[in-house]
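Notes follow the structure.
The values are calculated or read from the model by the stated rules, or taken from the named source; none is laboratory data. All values derive from a computational prediction rather than experimental measurement. Glycine gets a Cβ as well: all are built from the backbone with ideal geometry, and neighbour counts include every protein chain shown. These accessible areas exclude ligands, DNA and RNA; they are computed on the full protein's heavy atoms, side chains included. Shrake-Rupley method; radii C 1.70, N 1.55, O 1.52, S 1.80 Å.
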Amino acid sequence: MMLQPVEGTLPLTEECHHYDDIQEVPRELQKYWHQRYTIFNFYDYGIYLTNDAWFGVTPEPVATKVAKDITSHKHSHPRKDTIIDLFAGAGGNTIAFALSEKWDRVIAIEKDAATLACAQNNAAVYGVADAITWVHGDSLEYLARLKGDGAGKEDVDPSLQIDTSKTVLFASPPWGGVDYRWDEVFDLGTMEPYNLETLHNACRPMEHALYLPRTSDLRQIAKLAPDGERIEVVQYCVEGASKAMVAYIPAEEE
């Protein structure tokens, strides 16, 4: 099956919600709804999320800072001109990448159709929907096809073909729930459905940034450094509270 970009805009479904009053919000989401203006500053202008998306969306101040920081990690030879958000979710990071105007191409991949519809809607609220190439599909399958030979690459639409040497990957994957909060040091080998090794192997040899739980085991991350290179890990905070860390992993020489 040919992997192609989404044509037009996916329709918002009954799984997509814009909650105006706390009485509408499921109890387990009320904490996040109270933080809605930190998550999306333009929430009142028609932001939609699926219930699951509330747990994983990057707060806007963090997404904006990551979008700024990730450009400082682009190698100058060759210049990186494409960024791929492998787990676009409701669009928080994708929107920030598009708003930064640092990239010739922003590609956003999301497996769940309802969540992708929310992301497209939210990008339209921020005025950048048309600056993003949207893909409804499996990001790891996409990467495997791009790095494959013959039939694999041929099954990727020409508009989604990339120069891997000029591309940065950003991955904010599901973390397997909220249990990581109780771990003093979170074992990234237990992250679900994609653990650290799976993500890294899918992304390499390209430069990639991994958005991970704030208590992630730094020793596990350090082992991913290419020969002669170092990995920079940044903790991102909102109002003094750490929300996540990002590991910036250099490209490997092929």
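All but one of (1) surrounded by fewer than 16 Cβ atoms within 10 Å (Cβ to Cβ); (2) closer than 20 Å to Tyr142 by Cβ hold for Phe42; which doesn't? Condition (2) is where Phe42 drops out.
Annotation note: of Ser165, Ser159, Ser100, the sole residue that is modelled with pLDDT of 95 or more and out of contact with any Ser or Thr (no Cβ under 6 Å at 6 or more places or on another chain) is Ser100. When restricted to residues that are part of a loop (DSSP other than H, G, I, E, B) and either over 22 Å from Glu239 (Cβ atoms) or of a type in the set (S, T, N, Q) (or both), segment 20-38 contains 4.
Taking the criterion of being among the polar types (S, T, N, Q), outside any helix (DSSP H, G or I) and open to solvent by less than 60 Å² (accessible area, probe 1.4 Å), the residues of segment 156-176 that qualify are Thr167, Ser172. Flag: Tyr194 does not match the condition of being over 24 Å from Tyr142 (Cα atoms) and aromatic (Phe, Trp, Tyr). Residue count for segment 202-241 under the criterion of being assigned to a loop (DSSP other than H, G, I, E, B), of a type in the set (D, E, K, R) and either more than 22 Å from Phe87 (Cβ to Cβ) or in contact with a strand residue (DSSP E or B) (Cβ under 7 Å, 6 or more places away or on another chain) (or both): the result is 7. Filtered by the rule that a residue be among the charged types (D, E, K, R) and open to solvent by 90 Å² or more (accessible area, probe 1.4 Å), segment 5-30 gives Glu7, Glu14, Glu15, Asp20, Glu24, Arg27, Glu28. Taken over segment 89-131, residues that are farther than 15 Å from Val168 by Cβ and of a type in the set (Val, Ile, Thr) amount to 4. Among the residues of segment 140-164, which ones are touching a strand residue (DSSP E or B) at 6+ places or on another chain (Cβ under 9 Å) and in contact (Cβ under 8 Å) with a residue 60 or more places away in the chain? Glu141, Tyr142, Leu143, Arg145, Asp155, Val156, Asp157, Ser159, Leu160, Ile162, Asp163 - these are the residues of segment 140-164 that are touching a strand residue (DSSP E or B) at 6+ places or on another chain (Cβ under 9 Å) and in contact (Cβ under 8 Å) with a residue 60 or more places away in the chain. Against the conditions (1) more than 17 Å from Glu110 (Cβ to Cβ); (2) outside any strand (DSSP E or B); (3) open to solvent by less than 50 Å² (accessible area, probe 1.4 Å); (4) not acidic (Asp, Glu), Lys153 satisfies every one except (3).
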